[in-house]
Amino acid sequence: MRIDILTLFPEMFACVLNTAIFKRATERENVRINVHNFREYTHDRHHTVDDYPYGGGAGMVLKPEPLFEAVDAIKTETQGEGVQPVPVILLSPQGRLFSQQVAAELARQSHLILICGHYEGVDERVVEHLATDEISIGDYVLSGGELAAMVVADAVVRLVPGVLGSDVSAIDDSYATGLLEYPQYTRPPEYQGWSVPEVLLSGNHAIIARWRREQALFRTLKRRPDLLDRANLSEQDKRLLSKK
Ligand code: 6GU
């Protein structure tokens, strides 16, 4: 998978991309992430990327030309590599809400272009005629799309086959199963008087699996009951929940 990120603040990505999962993903070469400063696609002396909004109002708006030209350059460079059209995703608070399901959908692509919006907004012609998708990571306002692009890239890259140590680790995740995860413990068996639940020390895998499912269900019921409506529940799950 290849991900191209267009931003005015490329330096924000260096640390994240050189750490842990991204580092491993890119070292193994099944993932390539390129960060571009779209200011380089301006032609005036001041490298202008933004301008005053037509109709007045506070703040500045990102101009369309540098973004169109940057996307064009990337598409030209990668021409012939894929058959599908490349998704061009604008990160903005106006986008559709990001979720594990959207991450899985994006992980099936071989190439993604992410555009980080900034200032008060982006010229609507970018939204209408350049971006093929618009994504928000939640109902709050960030000062730019950079952190959102990192969130999206992280969630997507860890779903690319071969990136995680073992492919099972992504399948068991919260949200992949539709439930929150069960509590985890490691050694020591007792810490400051707090013990690890007896069942986990039993060595009985069937009982442990049942306990974990129960914990995941109860925790989801308590914290995120909205997730239960969409979760894949067995008859036994439903019976357990009805007793609560
Ligand atoms: Cl993608 N961008 C900005 N600026 N704010 C956000 C967001 C994105 N998602 C949630 N808030």
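List of remarks:
- Volume per residue of the C-alpha convex hull in region 177-242, rounded to whole Å³: 102 Å³
- Angstrom value of the Kirkwood radius, inverse mean 1/r, which spans all Cα pairs in region 109-244: 18.8 Å
- Structure remark: mean-square fluctuation, Gaussian network model of the chain, C-alpha springs under 10 Å; the largest value among 18, 204, 37 belongs to 204.
- Expressed to the nearest 5 percent, the antiparallel share of DSSP beta bridges inside region 35-133 is 20 percent.
- Comparing mean-square fluctuations of 199, 160, 102 from a GNM of the chain with C-alpha springs under 10 Å, the top value falls on 199.
- Computed from point charges on the beta carbon alone (+1 for Lys and Arg, -1 for Asp and Glu), the dipole magnitude for the chain about its Cα centre is near 1440 Debye.
- Total lysine pairs in the chain at Cα distances under 20 Å, for residues eight or more apart or on different chains: 4.
- DSSP-defined antiparallel bridges as percent of all bridges, the chain, nearest 5: 20 percent
- Summary of packing: across the peptides 187-194, 8-15, the per-residue average of other C-beta atoms within 10 Å ranks them, highest first, as 8-15, 187-194.
- Relative compactness, the chain, computed as alpha-carbon Rg over 2.2 N^0.38 Å: 1.26
- The sum of -39500 (n - 2.57) across all DSSP H runs of n ≥ 4, divided by the residue count of the chain, sets its helix-only mean residue ellipticity at 222 nm to -10000 deg cm²/dmol.
Read-outs throughout are calculated quantities, based only on the coordinates presented, and are distinct from any laboratory measurement. Values in this document were obtained by computation on a predicted structure and should not be read as measured data. Cβ sites come from the backbone with ideal geometry, for glycine too, and all protein chains shown count toward neighbours.
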